[in-house]
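Structure record follows, encoded as structure tokens.
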Amino acid sequence: IFSRPVAFVQIWKSWFSSHSLIGNKNIILMGPPGAGKTTVGRIVGQKLGCPVIDIDDDVLETTWNMSVSEKLQDVGNEQFLEEEGKALLKFSASGSVISLTGSNPMHSAGMQHMKKNGIVVYLDVPTPVILSRLKSIKVDRIVGQSPHISLKDILQFRKQFYKRWYDIRVLCGGDIAAEVVAEKVLDAVKRYQNSELETFISTRSSGSGRSMEKDSCKYFSDVVTEGLAPDGGLFVPERGLPKFTAGEWQSLIESTYIERAQVILERCIHPADIPASKLAEIIGTAYGENFTCSKIAPVRHLAGNQFLLELFHGPTASFKDFALQVVPHIFAYCIPRSCNYLVLVATSGDTGSAVLDGFSRLHDADKQRIAVMNFFPEDGVSQIQKSQMICCQKENAWSVGVKSDFDFCQTAIKQIFTNSDYTGFLTVEYGTALAAANSINWARLLPQVVYHASAYLDLVHQDIIPFGSPVDVCIPTGNFGNILAALYAKMMGIPIRKCICASNENNILTDFIRTGVYDLRGRKLIPTFSPAVDILKSSNLERYLHLIANKDGQLVTQLYNQLENQGHFQLQKDLLEKLQQDLVAGWCSEEDCLAAIHSVYSTTGYILDTHTAVAKVVADRLQDRTCPVIISSTAHYSKFAPAILRALRIAEIKQNPLSQLHLLSSYSPLPPVHWGLLETLKKVGNEDHQVCAADISMLMSRIETLIQNHFM
């Protein structure tokens, strides 16, 4: 079941194993006028020792017996595009480097013909750079332009056509030399052809993915489907994450959030797993209409050198929406069609409603083969969070309250996944496999990397800092996924100096980062006003320890076996020193959390949610004020109305969640009460959910019953 699901990958690999870099295929360079296609094409062709064809010079002008500019003047824009396309349809070549015209991608039939025997490489050059280049060579008119449409507008209009056709994108910054672009093209083509190099390993693996049998290698599609590694570890990319140059990051400063997400995720997900066109469709669906703010993840100045990264504009009002509007579509694309899937998730509050909402937005055909079961601590989430999870239940999505805490729910799911007898029984008896949607699933982390990178680029775009100047980030942290994503953004080239880990009174991570000792002995989970970080076992910490231990899976296994059996472990000195180069940590009391909410509202009119308040308190204590600090605002305050009303010292707090939100709304707060929550709570009636005891066998029984009801 869990072999790589995309059938053409095996064909792809076998074809290229017996050919040179391009064989009979063409490398087709595409981009706007001024992108350097002709010059880069000549250099690439020279390096490969293959023919170079420039469509303008070698095809169009030869066919028409006149220059391209003369033809344009002769027939006009629309007829020019049609005749240009007809010339492409008559053209054929193999084993060549072909430089398209800037307008070729606007002719659909012509491009389909070219793609049949070619790898289309998009030279993505920022529009301001193109305008500058065209001005320097005195080009003031291109195909499609008219007196009423500026050069800038027509370049922007054309992007939709470029994005439709490319297989590979090459980012080209401002002053980058053609020789450098040519090398990037060759590197990108090599990556495109060698998907077997992008394998994943377990954090507890003693060997490398390459040392495994070929059939047992894990690719992105596999790890999305499987979630947890068979040995109980977490999947990580064997070669690490891709690194962007400073010029590549700078080329994204003017880009929208969706454009940044597309570029970053393309580099992290091989096109053999998800082609660029499909990825664009997924990202557009996820962020196009489901977020209330057009900027998706806006950065707002709070005070002094502190900025808020607002991550609550999604449909369920928390940062979890960024991954969980994307992951269900990725999952549906990657899984094999021969099996049904039940996605299990444990939540400390926000993940549950985000998972249920995300998977409920799948196409009907996908909902018939993919269902979700969400486990949450029955008495460990806010009333509004519980109402959300109950209201988000759909025909393929259910919630189960567990009479325990989040750590039990998460541990139970891990044990169920590693119970091969049980999972094998579900597969054989019901044709159903289990999958995970918690941040133990690698795909959950990638969209979070995007918003940390985007926040930095926004500060540059707003002229707060020049590119290259450092920032600190402060993140309320429970399961370590969000802060790990920030560390990954740093590894990929975003100039993050320190990641500040903010805990509430469940401050096990603060103690660990300060001392290197992770100690669960004698600790009991304390329910707080910030339930999403009421966690003692931080799953994603394992990925970070594997990283700083130079992928020493045996050491990670040893540490986590000791944690499981003895309730504690201690990092050796050199690893603690490495960790403290990246991380600092602090924690916040309940009183200080409420006081911060009151203080910020009194001075700015802005309401922080309880988790953001925890981060604000810790940032105030730990930042040295020599650079900006970006505080992750991970949830909308509306989700925690009773605590907010208490912090604002509003005496009368009604028990009804909808009444609480109406009361908050009467204060004309900034930002306004979340519309999605209001709409959800208006629907609350007699909806019910299942509740079960803290017993793994009981959870397994509920899972089997759900499978019988939904899939059989």
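The values are calculated or read from the model by the stated rules, or taken from the named source; none is laboratory data. Quick caveat: nothing in here was measured; it's all calculated off a predicted structure. Glycine also receives a Cβ, built like all others from the backbone with ideal geometry; neighbour counts cover every protein chain displayed. Each accessible area value is taken on the protein alone, full model and side chains, heavy atoms only, with ligands, DNA and RNA left out. Shrake-Rupley method; radii C 1.70, N 1.55, O 1.52, S 1.80 Å.
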Task: P(r) of region 324-420 over all Cα-Cα pairs, binned every 5 Å from zero, in whole percent - done: 2, 15, 24, 22, 19, 12, 5, 1
TODO: In nm, give the distance between the simple-model label positions of A246 and H363, each being 7 Å from the Cα along the Cα-to-Cβ direction.
DONE: 4.5
TODO: Report, to two decimal places, the Cα Rg of region 95-156 normalised by 2.2 N^0.38 Å (N = number of residues).
DONE: 1.30
TODO: For an R0 of 60 angstrom, estimate the FRET efficiency from the Cβ-Cβ distance between V180 and K654 and round to the nearest 0.05.
DONE: 0.40
Task: Alpha-carbon spread of region 40-103, three principal axes, descending order, Å - done: 38, 19, 19
- [ ] Would you work out what percent of the accessible area of region 244-383, with all protein chains in place, is carbon or sulfur (probe 1.4 Å)?
- [x] 47
Open item on the list: Suppose each label sits 7 Å from its Cα in the direction of the beta carbon; what would the A693-K90 distance come out to in nanometres?
Closed with: 8.2
- [ ] Please list the non-local residues whose amide H lies under 5 Å from the amide H of S99, H modeled 1.01 Å from N, same-chain partners needing a gap of 5 or more.
- [x] L29, I53, D54, I55
- [ ] Classify region 26-195 as rounded, prolate or oblate from the Cα gyration tensor: take a ≥ b ≥ c as the square roots of its eigenvalues, call it rounded if a/c is under 1.5, otherwise prolate when a/b beats b/c and oblate if not.
- [x] oblate
Task: Contact order relative to length of the chain, as percent, for alpha carbon pairs under 8 angstrom and 6 or more apart - done: 13
Task: region 326-426: relative contact order in percent, alpha carbon pairs under 8 Å with at least 6 residues between - done: 29
Task: Of the trypsin sites (Lys or Arg not before Pro) in region 591-657, those whose Cβ has at most 13 other Cβ within 10 Å and which sit in DSSP loop - done: R625, R649, K654
Open item on the list: Could you tell me the calculated FRET efficiency between T63 and S420, based on Cβ-Cβ distance and R0 = 60 angstrom, to the nearest 0.05?
Closed with: 0.40
Task: region 129-200: Rg to Rh, with Rh as the Kirkwood radius over Cα pairs - done: 1.09
Open item on the list: 5 Å is the cut-off here: which amide hydrogens, built 1.01 Å from N in the peptide plane, fall below it relative to R204, excluding neighbours closer than 5 in sequence?
Closed with: G233, L234
Task: Protection proxy ranking of 461-472, 329-340 - average other beta-carbon atoms within 10 Å, highest first - done: 329-340, 461-472
- [ ] Estimate the FRET efficiency between L563 and S665 by the formula 1/(1 + (r/R0)^6), using the beta-carbon distance for r and 56 Å for R0, to the nearest 0.05.
- [x] 0.80
Task: Bridge type composition, the chain - antiparallel percent by DSSP, nearest 5 - done: 20
Open item on the list: Ignoring everything except DSSP H segments at least 4 long, calculate the 222 nm mean residue ellipticity for the chain; use -39,500 (n - 2.57) per segment, divide by total residues, nearest 500.
Closed with: -14000 deg cm²/dmol
Task: Pairwise label distance in nanometres, D552 with I258, each label 7 Å out on the Cα-Cβ vector - done: 4.7
Task: Fully extended contour minus Cα-Cα distance, from Q383 to Q580, at 0.36 nm per residue - done: 67.2 nm
Open item on the list: Projecting each Cα onto the charge dipole of the chain (Lys/Arg +1, Asp/Glu -1 at the beta carbon, about the Cα centre), which of A177, Y122, C474 comes out farthest on the positive side?
Closed with: A177
- [ ] Using only alpha carbon pairs under 8 Å that are at least six residues apart, calculate the relative contact order of region 26-195 and give it in whole percent.
- [x] 33
Open item on the list: How large is the translational diffusion coefficient of the chain in µm² per second when you combine the Kirkwood radius over alpha carbon pairs with Stokes-Einstein at 20 °C and 1.002 mPa s?
Closed with: 79
Open item on the list: Quick check on packing: order 147-157, 387-397 by the mean number of other C-beta atoms within 10 Å, highest mean leading.
Closed with: 387-397, 147-157
Open item on the list: Skipping prolines and chain starts, which residues have an amide H placed within reach, meaning under 5 Å, of the one on Y341, given they are 5 or more residues away or on another chain?
Closed with: I370, A371, A433
- [ ] Send over a whole-number figure in Å² for the accessible area per residue of region 26-195, probe 1.4 Å.
- [x] 45
